[in-house]
1. Could you list, in sequence order, the residues of region B:20-59 that are away from chain A (no Cβ under 11 Å), touching a residue at least 60 places away in the same chain (Cβ under 8 Å) and part of a strand (DSSP E or B)?
2. In this structure, is B:Ser94 closer than 21 Å to A:Gln2 by Cβ and at pLDDT below 95?
3. Hey, among the residues in region A:67-100 that are in contact with a Phe, Trp or Tyr (Cβ under 8 Å, 6 or more places away or on another chain) and of a type in the set (D, E, K, R), which one's nearest to the other protein chains (Cβ to nearest Cβ)?
4. Kindly provide the set of residues from region B:60-114 that are facing chain A (nearest Cβ under 10 Å) and charged (D, E, K, R), ordered by number.
5. Within region A:22-51, can you find the residues that are in contact (Cβ under 8 Å) with a residue 12 or more places away in the chain, more than 13 Å from the chain's Cα centre (by Cα) and either surrounded by 13 or more Cβ atoms within 10 Å (Cβ to Cβ) or away from chain B (no Cβ under 14 Å) (or both)?
6. Which ones in region A:36-77 are assigned to a strand (DSSP E or B), more than 14 Å from A:Ala88 (Cβ to Cβ) and of a type in the set (S, T, N, Q)?
7. If you scan region A:101-114, which residues turn out to be surrounded by 18 or more Cβ atoms within 10 Å (Cβ to Cβ) and either away from chain B (no Cβ under 12 Å) or not in a loop (DSSP other than H, G, I, E, B) (or both)?
Amino acid sequence: AQTVTQSQPEMSVQEAETVTLSCTYDTSESDYYLFWYKQPPSRQMILVIRQEAYKQQNATENRFSVNFQKAAKSFSLKISDSQLGDAAMYFCAYRFFGNEKLTFGTGTRLTIIP
Amino acid sequence: KAGVTQTPRYLIKTRGQQVTLSCSPISGHRSVSWYQQTPGQGLQFLFEYFSETQRNKGNFPGRFSGRQFSNSRSEMNVSTLELGDSALYLCASSLGPGGNSPLHFGNGTRLTVT
């Protein structure tokens, strides 16, 4: 069975600084997708960034980028120039190709310090 | 384009009752998935529907059921409610399996069982 592990229950960062959230996963599949979702107090799960496992290039979306290490099964999220609006729970998630089921990690609560 | 709409946003029920939650996917999306989110168990997959057929089911008792209509709208039903069913229920939609379409989530329905 696939598992996703987020070992940092809470993180904090000064506004405008950079923070990295960690995620590791376990799977025997070769084709899969990895995602980072954020969940602010409004409860809606918002897609931050995604990575296809077959792509070697790390995905980037504006201030958000990932460090995808397929051999190590590691998928960390880097947030640059942190903003107050980035405060939220961040969930790492896995989905294997052809399947719509997401397996989530336990989340990291990110606090932005003004 | 309107996002995923879940109704109602809040619900309070008594043990033993049943409840029906509704989810309208993004226009054009044909796959709908349901997740249960609790502080203790985190985010857990309930089931997924595509073209009115259940494709995947999580490890939940038979009291949890769902269906999808021809317009892709979905409902989930929980019968004989238990206190432990108190949770945030999230619905997500996507274009469908086999593609590269990410899941988009609604704001959730907060169910409280007393």
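1. Those that are away from chain A (no Cβ under 11 Å), touching a residue at least 60 places away in the same chain (Cβ under 8 Å) and part of a strand (DSSP E or B): B:Leu21, B:Cys23.
2. On the way: closer than 21 Å to A:Gln2 by Cβ: yes; at pLDDT below 95: yes.
The answer is yes for B:Ser94.
3. Only one residue fits best here, namely A:Glu100.
4. B:Arg110, the sole residue that qualifies.
5. Answer for region A:22-51, where residues must be in contact (Cβ under 8 Å) with a residue 12 or more places away in the chain, more than 13 Å from the chain's Cα centre (by Cα) and either surrounded by 13 or more Cβ atoms within 10 Å (Cβ to Cβ) or away from chain B (no Cβ under 14 Å) (or both): A:Asp26, A:Thr27, A:Glu29, A:Ser30, A:Tyr32, A:Pro40.
6. As a first pass, look at region A:36-77 and keep what is assigned to a strand (DSSP E or B): A:36-39, A:46-52, A:60-61, A:64-69, A:74-77.
Narrowing further to those that are more than 14 Å from A:Ala88 (Cβ to Cβ): A:50-52, A:60-61, A:65-69, A:74-76.
Answer for region A:36-77, where residues must be assigned to a strand (DSSP E or B), more than 14 Å from A:Ala88 (Cβ to Cβ) and of a type in the set (S, T, N, Q): A:Gln51, A:Thr60, A:Ser65, A:Asn67, A:Gln69, A:Ser74, A:Ser76.
7. Let us first name the residues in region A:101-114 that are surrounded by 18 or more Cβ atoms within 10 Å (Cβ to Cβ), namely A:101-105, A:107-108, A:110, A:112.
Scanning region A:101-114 gives A:Thr103, A:Phe104, A:Thr108, A:Leu110, A:Ile112.
The values are calculated or read from the model by the stated rules, or taken from the named source; none is laboratory data. Owing to the predicted nature of the structure, the values given are computational and were not obtained by experimental measurement. Methodologically, a virtual Cβ is constructed for each residue, glycine included, from the backbone with ideal geometry; neighbour enumeration extends over all protein chains shown.
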